[in-house]
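Here the structure comes first, spelled out in structure tokens, and everything after it is commentary.
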There are 6 protein chains.
Amino acid sequence: MTRILVINPNTSRAMTGTVGRCAREVAAPGTEVRAAGPSMGPESIESHYDAALSVPGLLIEVAQGEADGVDGYVIACFGDPGLDAARELARGPVVGIAEAAMHTASLLGRTFSIVTTLSRTIGRTRDLVHRYGFTDACAGVHASDIPVLDLEAPEPRRHVLEACATALENDRSDVLVLGCAGMADLCGDISARLGVPVVDGVTAATKLVESLIALGLRTGKRDEYAPPGPKRYTGLLRDFTIPP
Amino acid sequence: MTRILVINPNTSRAMTGTVGRCAREVAAPGTEVRAAGPSMGPESIESHYDAALSVPGLLIEVAQGEADGVDGYVIACFGDPGLDAARELARGPVVGIAEAAMHTASLLGRTFSIVTTLSRTIGRTRDLVHRYGFTDACAGVHASDIPVLDLEAPEPRRHVLEACATALENDRSDVLVLGCAGMADLCGDISARLGVPVVDGVTAATKLVESLIALGLRTGKRDEYAPPGPKRYTGLLRDFTIPP
Amino acid sequence: MTRILVINPNTSRAMTGTVGRCAREVAAPGTEVRAAGPSMGPESIESHYDAALSVPGLLIEVAQGEADGVDGYVIACFGDPGLDAARELARGPVVGIAEAAMHTASLLGRTFSIVTTLSRTIGRTRDLVHRYGFTDACAGVHASDIPVLDLEAPEPRRHVLEACATALENDRSDVLVLGCAGMADLCGDISARLGVPVVDGVTAATKLVESLIALGLRTGKRDEYAPPGPKRYTGLLRDFTIPP
Amino acid sequence: MTRILVINPNTSRAMTGTVGRCAREVAAPGTEVRAAGPSMGPESIESHYDAALSVPGLLIEVAQGEADGVDGYVIACFGDPGLDAARELARGPVVGIAEAAMHTASLLGRTFSIVTTLSRTIGRTRDLVHRYGFTDACAGVHASDIPVLDLEAPEPRRHVLEACATALENDRSDVLVLGCAGMADLCGDISARLGVPVVDGVTAATKLVESLIALGLRTGKRDEYAPPGPKRYTGLLRDFTIPP
Amino acid sequence: MTRILVINPNTSRAMTGTVGRCAREVAAPGTEVRAAGPSMGPESIESHYDAALSVPGLLIEVAQGEADGVDGYVIACFGDPGLDAARELARGPVVGIAEAAMHTASLLGRTFSIVTTLSRTIGRTRDLVHRYGFTDACAGVHASDIPVLDLEAPEPRRHVLEACATALENDRSDVLVLGCAGMADLCGDISARLGVPVVDGVTAATKLVESLIALGLRTGKRDEYAPPGPKRYTGLLRDFTIPP
Amino acid sequence: MTRILVINPNTSRAMTGTVGRCAREVAAPGTEVRAAGPSMGPESIESHYDAALSVPGLLIEVAQGEADGVDGYVIACFGDPGLDAARELARGPVVGIAEAAMHTASLLGRTFSIVTTLSRTIGRTRDLVHRYGFTDACAGVHASDIPVLDLEAPEPRRHVLEACATALENDRSDVLVLGCAGMADLCGDISARLGVPVVDGVTAATKLVESLIALGLRTGKRDEYAPPGPKRYTGLLRDFTIPP
């Protein structure tokens, strides 16, 4: 039995539910997917400030996952917050959904376009595009100007579709990437309407983590991603202390 | 039932056997893996010349796979020969093993080192590193100076292990990538001895193709990777003609 | 006497004729230019599939050229198919027309725009732009949407001119590059009408090869481009076998 | 009166003292420098985990600074943790010490070498080198293998000096950058011994922030760095909630 | 007392006056700013030819500054002419205004747009963007099509403002950079109207040089920027001879 | 009759003689090569200062060449001083020897190594490597530590040979580039001893200029490289004034 923990780093339970459902739909037989949201942090992640404040709660979930024997993790926010720190904490593989979506999209064509939520998140997305090596492959990053928590409603969802159509037209790209965990269930519909592959990071990351586990592969631990050493932590964060 | 065809582009039947066995070992229940080698082409691929001459035979296998209803393909040579052409021909996803290994390795650490066969293949490998976006992630490409068809023997296998140890030491990288389909069964041993994740492209590509199929994702076909148009082909290659 | 072989990798005799005529017009006194087309392969190259299938026929021409004592080669298709393999086979220099056109254009201004045939070839062109180092110098790659074999007719030629004018306007570049061997005889006319230097790869490559020969320079053969080693080749391709 | 707040994101009071003293020594007349350390977080920052957990405490200091009318901020940890989030929160300029040191070093020569603490921090440093655009200018990143809190002792300080000498020799660079706030007071000594400019980020950042304030320049707030919107925050982090 | 020499490399006395006034306005108490223009060279710099011919006169000013005990230099032309040569001649730091403006702008947001004078200067500006490492940070370089010496008149100044507004709109950038020393006094007005930080290189460079002096930092002199060696110079340029 | 002017930008007559002789040896029948050195400037170019002071004299030679009806120019110093300015002045093509050598070398293998004179010139060489797009192709830049004017003596020539051997060994490159006009006559000997192609910029540039002229190609003049406009020039440089 392979155990994957999908962590939604915001505190919206509705989104945790959607994310978990989407992940389970693509998991192989023999893979158990659990979705979790942190007990502390912002209800949605739409700024660097939100992202920074989501990380402690997310790391608590990883630490709990380690105690529970989880085999691998998905970080289900398109800014991939806390990814490096989570890789230090976890024994098994950890994959972010931006990372997963971009890797997956690059296998399906020469270029992809990303459609995300608010324009203020474009900078972080571009950072990740460079970090992961997709500067040439990413033909454009576009905002739909829909706040994260509005993504469930029909009207905003139509806006996302329109933003996707415009992105495809302008970028002349081969593939679309949806830039928010809250868009996970829009893939099929957009792909059917626009006739191109549409990649959602939640499902892509779930399959990547599942694959890494099947291949017996874990994060390399010889230097940068070794477990954090024992250290004194002060104040509100005392729960995070790594004992000597 | 998911059907994956793993194509070894050289004509060595022993290597086709090894490649198929390794791929099957990591496939999920419900995935049928078939390995095939072309009836024409070089017995091993160690030069641009060899790679160029392997492609027509490889494309015949893809065309046959399409007739047989194959869902996705792995090209099992680390130079990823014919990958773009195969993506035009096939309906389902096609993944090369160099591509797969690099994407997979980049999920396991910041940097990886590649250990390949003859030094004359390093140039092509570097080309692929750039093409796939791993210029920053790839800390080095190293030759073991072992010809492809010698990889089954114990002495050459020790050389590969030593080249891996030296690469790790010099590059200070997190992950190793084995740069030849013929090294597919060396992963476990090298990882156990050197204490780092070791990625083989054959198994990595098998899981990536399987995942893409599970996600319902195929190559984008709106422009560059549309099927080749009908055209007159002359001479020995008439079997490849795309009818109008 | 310097002997240059210009190889048109498709089987269109008309294009071979045009290509040879254009090359001869710029050759120095004392240079003999011969144009050849392969006896096998596609009648035009408009996809990765076509390009892959053109290479074996092209390599036969190079092998024949070596037997005939040819001093240097031009590969007259803008995708530069088989360039690396040809460099392994040939003793003298081999230059592709995309490569030649880009190097030449970069000597005439800060940026150049490329106008090619079908939009599906843009991806390959961009690959070559990166491979040759012209990522900064190339201001844009544009399709005229004219199939290769239609380039002789007046109406399509007007489309190419219009695509060139639009590219110049949008890219604000200094120089134009024509992205197909079949456009070789359009240079003068477009340059006269648009008032900028217009580079055709066939003539540019002919002069580069001629220059390399005059300088006594050949492909470096110490590792990657050494002649392919002896090896067993199977099936239709037995003619390509390198004997021990 | 210009008011600058230098935030040491770890909880080591000794280091906060050193950092404040160094900053005050270079401040112009009319600049008041205050140094602060957070009441929560790790006592030193030597992993991604430590860095992530330092950010909430750091943001509390920024919020307090805003209430106190601070004109600009220095983040005094070489990983520049929380820099983007702090820019959203603050009205005035915010500069990280890695950022400041690299910009400053690049004005003093063609290339610089960075000497940092533990080798596990090299990856983050490289990330910042790329993010800030110094990929060509940075000739190398080297670890002295000295933990942050040992930097006050004489023996470790000698190790840092030796690591600097080796870096200069191997990289043939023009300038040295010290990669930890705890090295701030080593500059003069190392420069005197090795005969090259040595840049410390704490003092460099203090002068940059002071200059930006003198120029009347603040973070651009039109999109990415606009103040975070009002939002519900849960759990331990409720103190960070941005009220509507 | 810190002594900074701001050199306007063209011979326009009006512009030297403006440049000096702007620099003095931002200098700290205790900094003496002197502005100088060369006695030989072009009256404005609008081509590579002009820039090349401005350098000898500029170097005479640096040599004179060295004799006068100047502590640091600003080169007040946005092409940063003669910067490397001046760094060899001067003991103290030398900063160009393009360099200063770009470094400063990059501290205020993710991306900046540059608005310059004639379109023929865009190429040089792009060169500097790459050289200084701001390829990702620079969202666009735009010409206002105003000759340098017309920048004092009201109508051209309105054109610059309009070019700035258009640049911001198209590039979606966070910060504006004014690409000519003659625009130094336009900053405040444009920033007030457009609501974004606007960086002028003259004032930015003055503060950077002042900061470097305060930090005790000078150009690294161990190799590339060592003083030019003694050598025989011929003809009109005999005044430049470095004596043995 | 094609007329090419090869300008040695330093005032060493011996070097002008060598450069002219080398250029004439490779010129085609029908090409007249003239070599010239300026009447003002440094006797050798070994610093940014020297390079800057060589440009006015070099531009006088170009202006004279234009009056004499020269068809194209070679700038025979490996720093390519004044190249952009010369392109503005001249009607015909202008090629620098660093530029020519790198373009030529890149046609002969995947990577080349450059061996130059003093280590202080490496920075400028790297600048040109980036500017021309050969960041990936250039495997290393190495100094022989031989001053320019010593290159005629036997002992220094042996040092250059040794530096070349070491560069090849360390860089594992396919091709050597000699990084000084004064090394033009060393090519044959080094190539014979080391068994790799060795490119000298003087001869390479002569053939490139000759080829551009044969192709009817000149510098694009629509914007950046248009002739410099009429302008007032002051002082020693009044001879350079462009009349209205």
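Before moving on, here are some points about what is shown:
- Residue match in the range A:29-38 (condition: out of contact with any Pro (no Cβ under 6 Å at 6 or more places or on another chain), within 22 Å of A:ASP145 (Cβ to Cβ) and either modelled with pLDDT under 95 or facing chain D (nearest Cβ under 7 Å) (or both)): no
- Whichever residue in the range A:148-160 is open to solvent by 30 Å² or more (accessible area, probe 1.4 Å), touching a residue at least 24 places away in the same chain (Cβ under 8 Å) and part of a helix (DSSP H, G or I) and, among such residues, is farthest from the other protein chains (Cβ to nearest Cβ): A:ARG157
- Residues (within 26 Å of E:GLU224 (Cα to Cα), open to solvent by 10 Å² or more (accessible area, probe 1.4 Å) and at the interface with chain E (Cβ under 9 Å from one of its Cβ atoms)) located in the range F:39-48: F:GLU43, F:GLU46, F:SER47, F:HIS48
- Taken together, F:VAL95, F:VAL33, F:VAL115, F:VAL19 contain a single residue that is part of a helix (DSSP H, G or I) and either touching a residue at least 40 places away in the same chain (Cβ under 8 Å) or among the aliphatic types (A, V, I, L, M) (or both), which is F:VAL19.
- Unmet criterion (only one of (1) at pLDDT 90 or above; (2) more than 14 Å from chain A (Cβ to nearest Cβ)) for D:VAL141: (2)
- When C:ILE146 is tested against (1) at pLDDT 95 or above; (2) in contact with a His (Cβ under 7 Å, 6 or more places away or on another chain), just one condition goes unmet, and that condition is (1).
- Residue that is nearest to the other protein chains (Cβ to nearest Cβ) [pool: residues in the range D:58-83 that are closer than 15 Å to D:VAL19 by Cβ and part of a loop (DSSP other than H, G, I, E, B)]: D:PRO81
- Being hydroxyl-bearing (Ser, Thr, Tyr), farther than 20 Å from C:ARG131 by Cα and touching a residue at least 60 places away in the same chain (Cβ under 8 Å) is true of C:SER44.
- Qualifying positions in the range D:118-147 - hydroxyl-bearing (Ser, Thr, Tyr) and either in a helix (DSSP H, G or I) or crowded, with 23+ Cβ neighbours inside 10 Å (or both): D:SER119, D:THR121, D:THR125, D:TYR132, D:SER144
- With respect to the stated conditions, A:VAL55 is facing chain D (nearest Cβ under 10 Å), at negative phi, in contact (Cβ under 8 Å) with a residue 40 or more places away in the chain and not aromatic (Phe, Trp, Tyr).
- Reported count of residues in the range F:195-241, each being surrounded by 18 or more Cβ atoms within 10 Å (Cβ to Cβ) and either modelled with pLDDT of 95 or more or assigned to a loop (DSSP other than H, G, I, E, B) (or both), is 31.
- Looking across the range E:170-188 at every residue that is outside any loop (DSSP other than H, G, I, E, B) and modelled with pLDDT of 95 or more, the one that is most open to solvent (accessible area, probe 1.4 Å) is identified as E:ASN170.
- Given (1) more than 15 Å from the chain's Cα centre (by Cα); (2) more than 7 Å from every other protein chain (Cβ to nearest Cβ); (3) in contact (Cβ under 8 Å) with a residue 40 or more places away in the chain, number of the condition C:ILE4 does not satisfy: (1)
- Being out of contact with any strand residue (DSSP E or B) (no Cβ under 9 Å at 6 or more places or on another chain), assigned to a loop (DSSP other than H, G, I, E, B) and touching a residue at least 60 places away in the same chain (Cβ under 8 Å) is not true of A:GLU88.
- Subset of the range F:1-16 that is under 22 Å from F:GLY92 (Cα atoms) and in a loop (DSSP other than H, G, I, E, B) - its residue that is most open to solvent (accessible area, probe 1.4 Å): F:MET1
- Residues of the range C:49-72 that turn out to be open to solvent by 30 Å² or more (accessible area, probe 1.4 Å) and of a type outside the set (Asp, Glu), as a count: 5
- Against the numbered list (1) within 9 Å of chain F (Cβ to nearest Cβ); (2) farther than 19 Å from C:ARG124 by Cβ; (3) acidic (Asp, Glu), C:GLU169 comes up short only at (1).
- Among the residues listed as D:ARG193, D:ARG172, D:ARG158, the single one being on the phi > 0 side of the Ramachandran plot and either in the same structural domain as D:PRO81 (by TED's automatic domain parsing) or out of contact with any His (no Cβ under 8 Å at 6 or more places or on another chain) (or both): D:ARG172
- Selection count, the range D:84-117, where residues are open to solvent by less than 10 Å² (accessible area, probe 1.4 Å), within 14 Å of chain A (Cβ to nearest Cβ) and not acidic (Asp, Glu): 8
- Boolean, B:ALA90 is of a type in the set (A, V, I, L, M, F, W, C), in contact with a Leu (Cβ under 8 Å, 6 or more places away or on another chain) and not assigned by TED's automatic domain parsing to the domain that holds B:GLU169: no
The values are calculated or read from the model by the stated rules, or taken from the named source; none is laboratory data. Given the structure is predicted, the values throughout are model-derived calculations rather than measurements. Note that we place each Cβ from the backbone using ideal geometry, even for glycine, and neighbour counts take in every protein chain shown. Accessible surface areas use protein heavy atoms only, side chains included; no ligands, DNA or RNA. Shrake-Rupley method; radii C 1.70, N 1.55, O 1.52, S 1.80 Å.
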